[in-house]
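Chemist: The structure's right below; bear with me while I get my questions together.
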Amino acid sequence: MAHVTAAERRPQLIAAAIELMAREGVAAGSTRAIAAELGVAQATVHYTFGTKADLYRAVLESLTEGLISGVQEGVRNATSLEEALGATAEVFWADVCERPELNLLWLELIAFALRRPDLREVVHKYQQDITDIAVTALVDTAQRTGIQYATPPKELTRFLLAGLDGLCMGVLMEGGSGAPGAHTRKALDQLIAATVDLAHEGAGRGA
């Protein structure tokens, strides 16, 4: 059998851990079970990651990489505030609709990580990265279009992201598998509209 390096084994183990925990929950994600999922020795997991916390950190980072990249791509060419906010919202919406089991796993991992000082910084980094991307997009959009916001970009971002988190939780609680109710989709549109209104409140309206 050909030797597999730790660098090659790492993504395989991350994928196996995600597959197992998305199916059975975080509590099922022991190093022994993850090793069995991939068909390798338990020692391989510890050799590749060092500790279980290191493996969980890698899983958390893997689950957020795609979402962050999607937001970056979506807002890159926005020519208006509405486009920038809409692109961000659509990435979150598509992700929770298309991957409900991974979003549920993400919520489980957040709760787990927030109780662990050695993992908490991963969640904080994700939140900071998403916030920074959205703020940068709003600032860039303002520079390209001459928009002047009545509310600071960071406050707009926090308002939007808090609403998106709530809507995504609602989709998961509805138990939808890619087809949330029309009322939830309407709530997303209302969230975008409310954020736009907040951005322009008292500005350019004769106030």
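Chemist: Consider the candidate values (i) 21.6; (ii) 18.8; (iii) 18.2; state which one is Kirkwood radius over Cα pairs in Å computed from the structure displayed.
Modeler: Read-out from the structure maps to (ii).
Chemist: Expressed in nm to one decimal, what extension gain is obtained for the pair Arg32 and Glu83 from 0.36 nm per residue of sequence separation less their Cα-Cα distance?
Modeler: Full-extension gain reported as 13.7 nm.
Chemist: Output the relative contact order of the chain, whole-number percent, from Cα pairs under 8 angstrom with separation of 6+ residues.
Modeler: Dividing the mean separation by the residue count of the chain yields 21 percent.
Chemist: How far is it, in nm, from the label point at Thr51 to the one at Phe112 when both lie 7 Å from their Cα along the line to the Cβ?
Modeler: 1.5 nm
Chemist: Considering only protein heavy atoms, what is the solvent-accessible area of Asp95 at a probe of 1.4 Å, reported in Å² to the nearest 10?
Modeler: The value for Asp95 is about 30 Å².
Chemist: What number results when the radius of gyration of region 1-108, computed over Cα atoms, is divided by 2.2 N^0.38 Å?
Modeler: The reported ratio for this selection is 1.29.
Chemist: Roll a 1.4 Å probe over the protein heavy atoms and report the accessible area of Glu73 in Å², nearest 10.
Modeler: Probe radius 1.4 Å; accessible area of Glu73 about 110 Å².
Chemist: If I model a spin label at Ser62 and Asp129 as a point 7 Å from the Cα along the Cα→Cβ vector, what separation in nanometres do I get?
Modeler: My value for the distance between the label points is 1.4 nm.
Chemist: To the nearest 10 square angstrom, what accessible area does Tyr149 show with a 1.4 Å probe?
Modeler: For Tyr149, solvent-accessible area is about 50 Å².
Chemist: At q = 0.16, 0.18 Å⁻¹, work out log10 I(q)/I(0) for region 65-109 with the Debye formula, treating every Cα as an identical point scatterer and leaving solvent out; two decimals please.
Modeler: Debye output, listed in q order: -0.45, -0.54.
Chemist: Sort out the exposed loop trypsin sites (Lys or Arg not before Pro) in the chain (DSSP loop, at most 13 other Cβ within 10 Å) and tell me the longest stretch that has none.
Modeler: Longest site-free region, per DSSP loop and neighbour criteria: 116-204.
Chemist: I've got another one for you. Could you provide, to the nearest whole Å², the per residue accessible area of the chain with probe 1.4 Å?
Modeler: 52 Å²
Chemist: Out of all Cα-Cα pairs in region 102-173, roughly what percent, to the nearest whole number, are more than 19 Å apart?
Modeler: Every Cα pair in region 102-173 considered, those over 19 Å come to 48 percent.
Chemist: Given a Förster distance of 41 angstrom, what is the FRET efficiency for Thr5 paired with Arg185, based on the Cβ-Cβ distance and rounded to 0.05?
Modeler: 0.35
Chemist: To continue, here is another question. Round to the nearest 0.05 the FRET efficiency obtained for Ala194 and Arg23 when R0 = 35 Å and r is the Cβ-Cβ distance.
Modeler: With a Förster radius of 35 Å, E is 0.40.
Chemist: With a 1.4 Å probe and every protein chain kept in, tell me what percent of the accessible surface of the chain is carbon plus sulfur.
Modeler: Roughly 55 percent, rounded to a whole number.
Chemist: Taking the chain as a Gaussian network, where each spring joins two C-alpha atoms under 10 Å apart, which residue of Ala35, Ala162, Ala16 fluctuates the most?
Modeler: Evaluated over the chain, the most mobile residue of the options is Ala162.
The values are calculated or read from the model by the stated rules, or taken from the named source; none is laboratory data. Note that the structure is predicted; figures quoted are calculated from it, not measured. Using ideal geometry, Cβ is built from the backbone for each residue, glycine included, and neighbour counts are taken over all protein chains shown. All accessible areas refer to the heavy atoms of the entire protein, side chains included, with ligands and DNA or RNA removed. Shrake-Rupley method; radii C 1.70, N 1.55, O 1.52, S 1.80 Å.
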